[in-house]
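Written below as structure tokens is the structure these notes are about.
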Amino acid sequence: MAYSSLEACLLDLEKNGQLVRIKEEVDPYLEMAAIHLRVYEAKGPALLFERVKGTNYRAASNIFGTLERSKWMFRDTFALVQKLIELKEDPIKAIKHPFQNLNTGLAALKALPKKSSSHSFEEIKIADLPLIHHWPMDGGAFITLPQVYTEDVEKPGIMKSNLGMYRIQLTGNEYELNKEIGLHYQLHRGIGVHQTKANAKGQPLKVSCFVGGPPSHTLSAVMPLPEGISEMTFAGVLGGRRFRYSYDALGNALSNDADFIITGEVYPHQNKPEGPFGDHLGYYSLTHPFPLMKVNKVYAKKNAIWPFTVVGRPPQEDTSFGELIHELTGKAIQQEIPGLKEVNAVDAAGVHPLLLAIGSERYTPFMPAKQPAELLTIANHVLGTGQLSLAKFLFITADDTNQLHTHNVQEFLEYIFERIDLSRDLHFHTNTTIDTLDYSGTGLNSGSKLVLAAYGEVRRELCREVPQALKELNGFENEQLCMPGVIALQTKKFANYKDAATEMEQLNHQLSSNNDPLNSVAQIIICDDASFTAANLRNYLWVSYTRVNPSHDVYGINSFTEYKHWGCHGPVVFDARLKPHHAPPVEEDPEVEKKIDRLFDKGGSLYGVLK
């Protein structure tokens, strides 16, 4: 469907039983987010909030709530876009089969952005918008589905522009209402490159924040597009309709199909505190200085609808974005990294903290013993590539049978744990960069990485119950099996790293002097609540990989250092307790949960939605 607007998409969803209208008045302070979260978890429909307290505008959420719904919205163009990306990565195909691929070229041509003065916006203020406050400790109201548009001051124009999704804080902290908003982005992003160039010229960077419009525009803002493909061209191909744009009297770009637009400028070296914000790792990102945008104009179309989502502990709606992007881009990453067959940024672990990968192992076929070699080269390439470089843990292996897949997470981890030589196959990267939202490290963007590379024959049969030796420990209790070969142990709260080192040495002493060598255990997780950690795979992944800084929190039974290589002869130990420098986890407000029950009770707009 070539949707000309967000409302056209929502009406189509409603016509096909995939949208529910909420007729009761709802509060943008915590209530709307709580409703969204409950419906999303039930794999429910898209939501249209018809009466939002404090504003005249409607709001919509959970539009991309399932992969099936997301693909359905782009049912007429999805395969075409896949083909276009494939040809970009492998242009030889277009030469070999020119007539087969003729329609992709025509689609790209038809999708070129179209400059047009045909639009009807009215001027409003920030205070007129649905100011949605998502989590109790958030610093204010945020835009969670923005399309942030900037141009290159050295090469102005739409074809060299950037459209990205960077969260925007509308209220709170030191922001002057209606005059200032906060932009959360890093300088390595597309907008950051544009700001650097503007700063070098001593100029402010013009920024336009589009909200709403056809769903293809929203998806384009989060797509990791190959070099040379414009987000606006991509939006046109995916949406089956050219991206229409114009400029206002101040020279700010306008998306003619957007529901709302905020225009303004970012001046060199002008920052203000932004955050906290309940983020996609399941913790709050804390308050830090980020670029300040001075607002010029705020526009809204007639009958505009404010789209939003809620991020928090995964899976959330952005999970569907990731799945959709994966299906669209296919093997683009594998084609960029020689030898890489498959990669999965594990959603349950917060995406960036944990990568699983399958590669080739072809370096030493003449050697009788199989061990990682080419896999280590591939691992270094993975950790130097785009968003993958934010990974903290990388598990990588090769599978000669081609039966293993990274999206079968437990099966993949068991395969690794059965084969890994913990004295040889742990490779640390210290004092390096990690995700800005990951507070397990030593500072903002600072931490370490650990590559676990395993290849060869099975070394151990993983335990399927807790070994007796782990039931007889002093200072550690509530031993639980997380998955075969992985045991969670509970101990007292983390105080400091000096005490932690002592506690881990006590654990090492007890287990290394025990007659049971624990060959069947590959990993021990030290945590605050072993029952929670071991309750399901999702909990194990979240606790174990979001709360650990490899250089500081990874220990081992019978560990050693030899010529700067660290390894262990017993199980590897992750200290996954919450630490004083960690950001707090996001948690729902029980009172708000009670308040929204009315919508799900008999007579409420959402009665029967949670099936």
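General observations
- E342 being surrounded by fewer than 22 Cβ atoms within 10 Å (Cβ to Cβ), within 24 Å of T397 (Cβ to Cβ) and either out of contact with any helix residue (DSSP H, G or I) (no Cβ under 6 Å at 6 or more places or on another chain) or modelled with pLDDT of 90 or more (or both): yes
- Looking at S520, S544, S551, just one residue is within 27 Å of the chain's Cα centre (by Cα), of a type in the set (S, T, Y), open to solvent by 20 Å² or more (accessible area, probe 1.4 Å) and at pLDDT 95 or above, and that residue is S551.
- Within the range 590-605, the set of residues being in a loop (DSSP other than H, G, I, E, B) and crowded, with 16+ Cβ neighbours inside 10 Å comprises G604, S605.
- Residue match in the range 567-579 (condition: part of a loop (DSSP other than H, G, I, E, B), of a type in the set (D, E) and either under 26 Å from V451 (Cα atoms) or modelled with pLDDT under 95 (or both)): no
- Scanning the range 481-517 for residues that are among the acidic types (D, E) and either in contact (Cβ under 8 Å) with a residue 40 or more places away in the chain or open to solvent by less than 40 Å² (accessible area, probe 1.4 Å) (or both), we see that the one that is farthest from P580 (Cα to Cα) is D516.
- Residues located in the range 377-419, provided they are assigned to a helix (DSSP H, G or I), polar (S, T, N, Q) and under 21 Å from the mean Cα position of the chain (by Cα): Q387, S389, Q410
Rundown of residues vs (1) closer than 30 Å to R38 by Cβ; (2) modelled with pLDDT of 90 or more, yes/no style:
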position: R58; (1), (2): yes, yes
position: G65; (1), (2): yes, yes
position: E86; (1), (2): no, no
position: T104; (1), (2): no, no
position: A111; (1), (2): no, no
position: E122; (1), (2): no, yes
position: A127; (1), (2): yes, yes
position: H133; (1), (2): yes, yes
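- Residues of the range 424-462 that are of a type in the set (V, I, T), within 30 Å of P517 (Cβ to Cβ) and assigned to a strand (DSSP E or B): T430, V451.
- Qualifying residue in the range 478-487 (condition: β-branched (V, I, T) and in a helix (DSSP H, G or I)): no
- Residue within the range 499-513 that is part of a strand (DSSP E or B), out of contact with any helix residue (DSSP H, G or I) (no Cβ under 6 Å at 6 or more places or on another chain) and not polar (S, T, N, Q) present: no
- Qualifying position, being on the phi > 0 side of the Ramachandran plot and either hydroxyl-bearing (S, T, Y) or without any contact (Cβ under 8 Å) to a residue 40 or more places away in the chain (or both), among G157, G192: G157
- Criterion violated by H429 - all others in (1) crowded, with 21+ Cβ neighbours inside 10 Å; (2) under 24 Å from A348 (Cα atoms); (3) at pLDDT 95 or above; (4) not basic (K, R) satisfied: (1)
Residue-by-condition table, conditions (1) out of contact with any Lys or Arg (no Cβ under 9 Å at 6 or more places or on another chain); (2) open to solvent by less than 30 Å² (accessible area, probe 1.4 Å):
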position: Q334; (1), (2): no, no
position: I337; (1), (2): yes, yes
position: A357; (1), (2): no, yes
position: R362; (1), (2): yes, no
position: L375; (1), (2): yes, yes
position: L383; (1), (2): no, yes
position: F393; (1), (2): no, yes
position: N402; (1), (2): no, no
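Residue by residue, here is whether (1) open to solvent by 50 Å² or more (accessible area, probe 1.4 Å); (2) more than 21 Å from N408 (Cβ to Cβ); (3) touching a strand residue (DSSP E or B) at 6+ places or on another chain (Cβ under 7 Å) holds:
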position: N536; (1), (2), (3): yes, no, no
position: N558; (1), (2), (3): yes, yes, yes
position: E562; (1), (2), (3): yes, yes, no
position: P571; (1), (2), (3): no, yes, yes
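- Test: K297 is surrounded by fewer than 24 Cβ atoms within 10 Å (Cβ to Cβ), in contact with a Ser or Thr (Cβ under 8 Å, 6 or more places away or on another chain) and modelled with pLDDT of 95 or more: yes
- Contact map, the range 41-67: residues that are over 17 Å from L599 (Cβ atoms) paired with residues that are among the β-branched types (V, I, T) and part of a strand (DSSP E or B), Cβ distance under 8 Å, separation 6+ or inter-chain. Pairs shown: Y57/I305.
- Single residue of the range 523-533 satisfying the filter (assigned to a helix (DSSP H, G or I) and touching a helix residue (DSSP H, G or I) at 6+ places or on another chain (Cβ under 9 Å)) that is most open to solvent (accessible area, probe 1.4 Å): F532
The values are calculated or read from the model by the stated rules, or taken from the named source; none is laboratory data. This one's a predicted model, so the numbers in the text were calculated from it and none came from an experiment. Glycine gets a Cβ as well: all are built from the backbone with ideal geometry, and neighbour counts include every protein chain shown. Calculation scope for accessible area: heavy atoms of the full protein, side chains included, ligands and nucleic acids excluded. Shrake-Rupley method; radii C 1.70, N 1.55, O 1.52, S 1.80 Å.
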